[in-house]
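Notes follow once the structure below has been shown.
The values are calculated or read from the model by the stated rules, or taken from the named source; none is laboratory data. This structure is a prediction, so every number in the text was calculated from the model and none was measured. Heads up, the Cβs are rebuilt from the backbone with ideal geometry, glycines too, and the neighbour counts pull from every protein chain shown. Note: areas computed on protein heavy atoms with side chains; ligands, DNA, RNA excluded. Shrake-Rupley method; radii C 1.70, N 1.55, O 1.52, S 1.80 Å.
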Amino acid sequence: MSLDTSTLLPAVRSFLSSPKQLLIDGEWVDAKDGKTFATVNPSTEEVLVQVAQASAVDVDRAVAAARNAFEAPSPWSRFTPRDRSHLLWRIGDLIEAHATEFAQLEALDNGKRVEAARDGDVATAAELFRYFAGWATKMEGTTIPMSVPGRSFHAYTRREAIGVVAGIVPWNFPLLMACFKIVPAITAGNTVILKPAEQTPLTALRLGELLLEAGVPAGVVNILPGYGDAGAALVDHPGVDKVAFTGSTEVGKKIAAAASVNLKKVSLELGGKAPNIIFADADLDAAVAGATLGGYFNEGQCCVNGSRLYVQRAVFDQVVEGVAAAARAITVGDGFEVGAHMGPLVSQEQFDKVLGYIRGAVADGAVLSAGSVDPARDRGYFVSPTLITSVTEQMAVQTDEIFGPVVTAIPFDTEDEVVAAANNTVYGLAAGVWSQNIGTAHRVGARLRAGTVWLNTWHADDVTLPRGGFKQSGWGRELGSFGLDDYTELKTVIAELR
């Protein structure tokens, strides 16, 4: 299966035909050593384009540019909060104007459906810029009374930018995750070096073009596609003041350890293995639909997906039959394919990993209620939506973050039993409860150790809401008003009044 370029917008064809370089100090440049790497269409396994591959030398160049852009009297240091607000709004408008273009690039590079990318990822990215545009003028301090006998003071706090921020993002929501790092950083007045995932660099590079078009000064946002060595160089660099990372817990631990050498600020949104609990008194039609969305959304490549399904024993068979039927009704296909509900996984590595977990579960005695141990198509990284039963809590398919369209289902009897099982994980990113008893829903939700808990819904979200995890699912929060806290320093100022 080859890419049919007739379905692509002229702007997308033009973008793919031009050199894909690094963005450093407002200029598109080759990597210093001239290296490039291929980015691949996961639906066809064909190379889309060669992309400049950043190295530690390029990281040095980008850090110097970001530092110069941050320090006064640079043009960026003279931007007022209102200037930043207007700039952010302009960028949001530009993203919206190029929504289909971004969506097609995401479908090519990541595999997700064009409609899902346009109506979900791209629309949310535009809204992020507009939401934070409002916060740029509202980063306020407080006055604090002091009690010193015989003396008078005026004490207040200021929220100030940290400095140079390194944003390292994953491949499951390439454009959206790039915006998660860039938007709060520049809202607060920081400068940014973005390292997109090597599997999916294209929408970040197209975003870089729009940032320049919108009037972002040189050096304020730099974009360095490349591999893990470039990310490691950013984390280690003494000129980087903060690292914002979204990705696996394993890599997050390495970043935290490396950042501790010079105590740079770190925020981490890491892995998840979310429990989704369905009580017998739930609206079962809604719960089945929610379990299907929660398990298979974004090809299963979403850290807050409900991959561990717990169902009260009285309705276990009914729910499993419903989710299995819904899974079998999901059509996998190319991101451009009319009628397809789910695209491929992002890469050969991810494809092999997910199928390996499914095959391992079957070998350990689990049962496939939906799905297959074989690829869903002859070419491309397609995996069928899979529901696995007869699972034990010790199986790898139950404990590990798989990051694919794989859901396990286990029956339970009592509330205490299921809460203990749900919390028996190193992760704590998301969880869900389904019950028409409002007391049960809120009581169980309060007992679950997770940063986001959904009650009688799944994946309900908004840019106004903070997100992040308990336990090994990360440090800090992103988005909402809380999302600015990790991109600012709090300064206390005390003046004696004489």
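A quick yes/no check of all residues on (1) in a loop (DSSP other than H, G, I, E, B); (2) surrounded by fewer than 19 Cβ atoms within 10 Å (Cβ to Cβ):
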position	(1), (2)
Arg13	no, yes
Leu23	no, no
Asp33	yes, yes
Val49	no, no
Asp58	no, no
Asp93	no, yes
Leu105	no, no
Leu108	no, no
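Ser43 fulfils the conditions (1) assigned to a loop (DSSP other than H, G, I, E, B); (2) open to solvent by less than 20 Å² (accessible area, probe 1.4 Å); (3) in contact with a Lys or Arg (Cβ under 8 Å, 6 or more places away or on another chain) except for a single criterion, (3). Tell me yes or no: at least one residue of the range 473-484 is touching a residue at least 24 places away in the same chain (Cβ under 8 Å), within 11 Å of Pro184 (Cβ to Cβ), open to solvent by less than 20 Å² (accessible area, probe 1.4 Å) and in a loop (DSSP other than H, G, I, E, B). Looking for residues that are touching a residue at least 24 places away in the same chain (Cβ under 8 Å), within 11 Å of Pro184 (Cβ to Cβ), open to solvent by less than 20 Å² (accessible area, probe 1.4 Å) and in a loop (DSSP other than H, G, I, E, B), one finds at least one in the range 473-484, hence yes. Looking across the range 151-173, just one residue is out of contact with any Lys or Arg (no Cβ under 7 Å at 6 or more places or on another chain), charged (D, E, K, R) and either part of a strand (DSSP E or B) or without any contact (Cβ under 8 Å) to a residue 60 or more places away in the chain (or both), and that is Arg159. Here Leu176 qualifies as assigned to a helix (DSSP H, G or I) and either out of contact with any strand residue (DSSP E or B) (no Cβ under 6 Å at 6 or more places or on another chain) or open to solvent by 40 Å² or more (accessible area, probe 1.4 Å) (or both). State whether one or more residues within the range 297-308 are among the small types (Gly, Ala, Ser) and not in a loop (DSSP other than H, G, I, E, B). Yes: one or more hits. Evaluation of Gly365 against the conditions (1) under 23 Å from the mean Cα position of the chain (by Cα); (2) open to solvent by 30 Å² or more (accessible area, probe 1.4 Å) shows that the sole unmet condition is (1). Kindly indicate the residue of the range 368-408 that is open to solvent by less than 10 Å² (accessible area, probe 1.4 Å) and part of a loop (DSSP other than H, G, I, E, B) and also nearest to Ala329 (Cα to Cα) among those meeting that condition. Per the criteria, the residue is Pro385. Tell me whether the range 341-360 contains one or more residues that are surrounded by fewer than 15 Cβ atoms within 10 Å (Cβ to Cβ), among the hydrophobic types (A, V, I, L, M, F, W, C) and out of contact with any helix residue (DSSP H, G or I) (no Cβ under 9 Å at 6 or more places or on another chain). There is no residue in the range 341-360 that is surrounded by fewer than 15 Cβ atoms within 10 Å (Cβ to Cβ), among the hydrophobic types (A, V, I, L, M, F, W, C) and out of contact with any helix residue (DSSP H, G or I) (no Cβ under 9 Å at 6 or more places or on another chain). If you go through the range 455-472 and keep only what is touching a residue at least 60 places away in the same chain (Cβ under 8 Å) and of a type in the set (A, V, I, L, M, F, W, C), you end up with Trp458, Val463.
Looking across the range 240-249 at every residue that is over 21 Å from Gln53 (Cα atoms) and not hydroxyl-bearing (Ser, Thr, Tyr), the one that is surrounded by the fewest Cβ atoms within 10 Å (Cβ to Cβ) is identified as Asp241. Could you identify the single residue in Val148, Val216 that is farther than 24 Å from Ile255 by Cα, modelled with pLDDT of 95 or more, open to solvent by 20 Å² or more (accessible area, probe 1.4 Å) and outside any helix (DSSP H, G or I)? Checking each option against the conditions leaves just Val148.
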